[in-house]
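Comments concern the structure below.
The values are calculated or read from the model by the stated rules, or taken from the named source; none is laboratory data. Predicted, not measured: the structure shown is a model, and the values here were computed from it. As a convention, Cβ positions derive from the backbone with ideal geometry for all residues, glycine included, and neighbour counts pool all protein chains shown.
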Amino acid sequence: MPISHLQLIQTFLDYLKFQKRYSPHTILSYQNDLTDFFDFIELQFGAILLAEINASFVRSWLAGLKEKGMESKSINRKISTLKSFFKYQLKQELLQDSPMSTILSAKVKKRLPQFVAETDISTLFNYVEFPYDWSGKTDRLIFQLLYNTGIRQAELMNLKEAHTDKGNSTIKVLGKGNKERILPVNIELSQLIQKYIADKRIAFELADTEILLVNKKGKKLYPKYIYNVVRKYLSAVTTIDKKSPHVLRHTFATHLMNNGADINAVKELLGHSSLAATQIYTHNTIEKLKEVHNKAHPKA
């Protein structure tokens, strides 16, 4: 890849990091998409200038991804990356026109988010045994926080002790774009958090006292650990295909909607920037109503 293109990519990534304040995970996704695209351009068309890249070059790249079996949702993410990149180049007056102006997103078949049934969640907390060691205490608190607050995996990992308010039974969460939101927790969970903090002081001499959740070595959790814990215990109570931390976020939102929660309130709890992202959970609610109607209505 030409040095000029590498410099353009790095400048754009710095903009995302320092001005847009995107997460490291999101920035890495942008970097991978842009690296793949410009490697393709160099391989197929040589070391051309940025201004020489046109819509037909982009379509060739996208067509190749489609032929390799990439799903429309993933292709749309790459389209979004390129649109953001070239929009930034226009803003910097390095281009007069964007090759993305005529590129349309691929059609995506809407899929309802999977969630765990309320009866299965009840089984998990009431009948599944967590070990009495430190890992067991941590694993149980992971589930309690994910299901009771709907926070994201990254938000869970970065929860701080200082952001737990026992008096008001709330926690402060730092979400996408460093946006803060205050979430309510029930008294039982609030007490569980405070006991966990107290036990941590006893269990570890040099425990991380800034981050709330730590592993058996007293260190901050990592994503794979949380994923494996969630998959392990969900496998004991449900047969749904996906068993990830994000499924518990879907479960939180769906159970709220199924029990009559206001959609705007759910939006605020989830930290969504727009109502459109929250509306997907109304579809799950409608499916629930259909199920009740089919079972109970004489003419169903």
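List of remarks:
- Matching residues, region 211-236, being under 23 Å from the mean Cα position of the chain (by Cα) and part of a loop (DSSP other than H, G, I, E, B): L212, L213, N215, K219, L221, Y222, S235
- A Cβ distance below 6 Å, combined with a sequence gap of six or more or placement on separate chains, defines the contacts here; from region 181-195, residues that are closer than 14 Å to L212 by Cβ reach residues that are outside any helix (DSSP H, G or I) and small (G, A, S) in the pairs V185/S169; S190/S169.
- S98 surrounded by fewer than 15 Cβ atoms within 10 Å (Cβ to Cβ) and not assigned by TED's automatic domain parsing to the domain that holds Y30: no
- Some residue of region 239-246 being surrounded by 14 or more Cβ atoms within 10 Å (Cβ to Cβ), in contact with a strand residue (DSSP E or B) (Cβ under 9 Å, 6 or more places away or on another chain) and either in contact (Cβ under 8 Å) with a residue 40 or more places away in the chain or more than 19 Å from A154 (Cα to Cα) (or both): no
- Among (1) among the polar types (S, T, N, Q); (2) in a loop (DSSP other than H, G, I, E, B); (3) free of Cβ contacts under 8 Å to residues at least 40 places away in the same chain, the one test that N264 misses: (2)
- Those residues of region 33-81 which are touching a Ser or Thr at 6+ places or on another chain (Cβ under 6 Å) and closer than 15 Å to H5 by Cβ, in sequence order: D33
- Criterion violated by Y30 - all others in (1) closer than 21 Å to V108 by Cβ; (2) over 24 Å from the mean Cα position of the chain (by Cα) satisfied: (2)
- With respect to the conditions (1) at pLDDT 95 or above; (2) in the same structural domain as Y196 (by TED's automatic domain parsing); (3) more than 30 Å from N259 (Cβ to Cβ); (4) not polar (S, T, N, Q), L82 lacks only one, and its number is (2).
- Listed conditions (1) modelled with pLDDT of 90 or more; (2) more than 22 Å from N126 (Cβ to Cβ); (3) not in a helix (DSSP H, G or I) are all met by P298, apart from (1).
- Failed criterion for K200 (all others in (1) surrounded by fewer than 17 Cβ atoms within 10 Å (Cβ to Cβ); (2) within 23 Å of E129 (Cα to Cα) hold): (1)
- Scanning region 178-196 for residues that are assigned to a strand (DSSP E or B), of a type outside the set (A, V, I, L, M) and exposed (fewer than 15 other Cβ atoms within 10 Å of the Cβ) returns E180, P184.
- Those residues of region 75-99 which are without any contact (Cβ under 8 Å) to a residue 24 or more places away in the chain and among the basic types (K, R), in sequence order: K83, K87, K91
- Residues located in region 157-177, provided they are surrounded by 15 or more Cβ atoms within 10 Å (Cβ to Cβ), among the small types (G, A, S) and either within 22 Å of the chain's Cα centre (by Cα) or not assigned by TED's automatic domain parsing to the domain that holds S190 (or both): G175
- Scanning region 1-47 for residues that are polar (S, T, N, Q), over 19 Å from N76 (Cα atoms) and assigned to a helix (DSSP H, G or I) yields a count of 5.
- When A162 is tested against the conditions (1) closer than 28 Å to S273 by Cα; (2) assigned to a helix (DSSP H, G or I); (3) at pLDDT 95 or above, the lone failure is (3).
- When T123, T119, T138 are checked against the criterion of being in contact with a Lys or Arg (Cβ under 9 Å, 6 or more places away or on another chain) and outside any loop (DSSP other than H, G, I, E, B), T138 stands alone in meeting it.
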